[in-house]
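This report concerns only the one structure given below.
The values are calculated or read from the model by the stated rules, or taken from the named source; none is laboratory data. What you see is a predicted model, and the numbers here were worked out from it, not measured in a lab. All Cβ positions, even for glycine, are placed from backbone atoms using ideal geometry, and neighbour counts span all protein chains on display. In case anyone asks, the SASA skips ligands and DNA or RNA and just uses the protein heavy atoms, side chains included. Shrake-Rupley method; radii C 1.70, N 1.55, O 1.52, S 1.80 Å.
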Amino acid sequence: MMATPTLEDITELADRRSIASVMISMPTSPVASEVERLRLDYKNSVREAERQLEAAGVGTDARAAVRRNLDDVVEGDFWTHLAQGAVVFASPEFAREFRVRTTVPPRVCVGERFDVGPLLRSLTLARKGYAVAVTEGSARLVAISADVAASEVTLGLPDDIHSVLQHSENDGDADRTRARGATGDKIELRKYCRIVQDAVAEAIKGREAPVVLAAANDVAAAYREANTYPRLLEEGLDINPSSLTLEELDAAARAVLARDNDRQLAEWRETFGTRLNHGRASVKLNEIARAASAGAVEEMLFDVGDDSEGFISEEGTVTPAPSAGGTTVGLFDEIAIRVLRTGGRVRAVRKSELPGKTGIAALLRFEVPRGQE
């Protein structure tokens, strides 16, 4: 099974503390011929982590424990189920790995806390979503992201799901069944779609990615009636998806997702402008940091490419640093974690999609005291 992160995973990792906290991120590939090169890249990253641990004054026993965890966490099926990126976390008492469907930068970070930036940015980067293709004979869930090819996600459907669409007719004789087809009993079709949508919701549990429905006529109507996932898009693909290849489904769904993303960003910027006039929005780093620390940020967007480092006090005072160090944090990442802890939403976007020029913007639940930038 591929270990993919949730927002709960990220906040749990951000809360861990150890003087020997190691994060390794690296771009990967699902292509089998790349595995040996990637193994070598990982070994080199582990050696760099050991060098940084020693330079930080971490003792021999703790370094050895971290090395064991870094080796153990990539055993098993790790190298046979790669995606576009891998992020590994290890300390003397803990280890966990994640494989993600967006590219992450090659980095080795050692400090008193885990650098969750690559994982956070991968998870919150816009333009990711799913397509669910449903017919009366099949159901597929396809993961879609901006920079990788689409891939199918296993759905936990019961083996006998198709029996839901069979109708018993006995007329007092022995039971016999027949498929009802597109004009069959709508109750049976709704039951079938409810089972499918429950499996879809479970497969993407803990995520907030949009879902594009590919289905025709009665199947589409029945699925929407049964749906409980809040991010099923109103715009869908009105087509029998059995006629589409994976690549064709990917292309059609991407177009829907792109339109939805553009619409959301336009609406967000309009809301931002209105809120800014009433003191309930900001593009100032210090103001947003204080607001996030006070639980006042409703939603924050930030530049996915920003790598500013520094320190943020408990109250939200920001002290920039010229470069990363053992006790520094990614400023946008730390603010994002504080937003998530207090129930806010976070998205990583391109800088050009943000209002202002600071690389960060936030909608506020309530006005916070203004300070000097």
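Brief remarks on what is shown
- Accessible area in the full protein assembly, largest first, 1.4 Å probe, for K128, K357: K357, K128
- Protein accessible area in the chain, 1.4 Å probe - carbon and sulfur %: 50
- Furthest towards positive pole of dipole, P241, F302, V35, structure part the chain, Cβ charges: F302
- The value of relative contact order for the chain, using C-alpha pairs under 8 Å at least six residues apart, is 15 percent.
- Cα centroid separation - segment 1-64 against segment 281-299, whole Å: 31
- Label point 7 Å beyond Cα of F366 along Cβ direction - residues of segment 332-347 with amide nitrogen under 16 Å: 342-344
- The 3J(HN,Hα) values that the Karplus relation (6.51, -1.76, 1.60; θ = phi - 60°) gives for segment 284-289 are, in residue order, 9, 4, 5, 5, 5, 4 Hz. Gly and Pro appear as x.
- Think of the chain as a dipole: +1 on every Lys or Arg Cβ, -1 on every Asp or Glu Cβ, centred on the Cα centre; then among V46, A336, T317, T317 lies furthest on the positive end.
- Using θ = phi - 60° and Karplus 6.51 cos²θ - 1.76 cosθ + 1.60, couplings along segment 52-67 (whole Hz; Gly, Pro as x): 5, 4, 5, 5, 7, x, 6, x, 4, 5, 5, 5, 5, 5, 5, 4
- Per-residue [θ]222 nm for the chain (sum of -39500 (n - 2.57) over DSSP H runs n ≥ 4, rounded to 500): -11500 deg cm²/dmol
- Note on segment 91-108 and segment 184-227: Cα centroid distance 33 Å, given to the nearest whole angstrom.
- Student exercise, segment 198-305 dipole from Lys, Arg, Asp, Glu Cβ charges, in Debye to nearest 20: 620
- Calculated accessible area for the chain comes out at 48 Å² per residue, all protein chains present (probe 1.4 Å; ligands, DNA, RNA ignored).
- Normalised Debye scattering of segment 287-365 at q = 0.12 Å⁻¹ gives log10 I(q)/I(0) of -0.29, counting only Cα atoms as equal scatterers and leaving out solvent.
- Tilt relative to the chain, helix 331-341 - C-alpha long axis, 0 to 90 degrees, to 10: 50
- Relative contact order for segment 21-152, counting Cα pairs under 8 Å that sit 6 or more residues apart, in percent: 30
- Cross-link pairs K205/K351; K128/K186; K128/K284; K128/K351 - those with Cα-Cα distance over 21 Å: K205/K351; K128/K186; K128/K284
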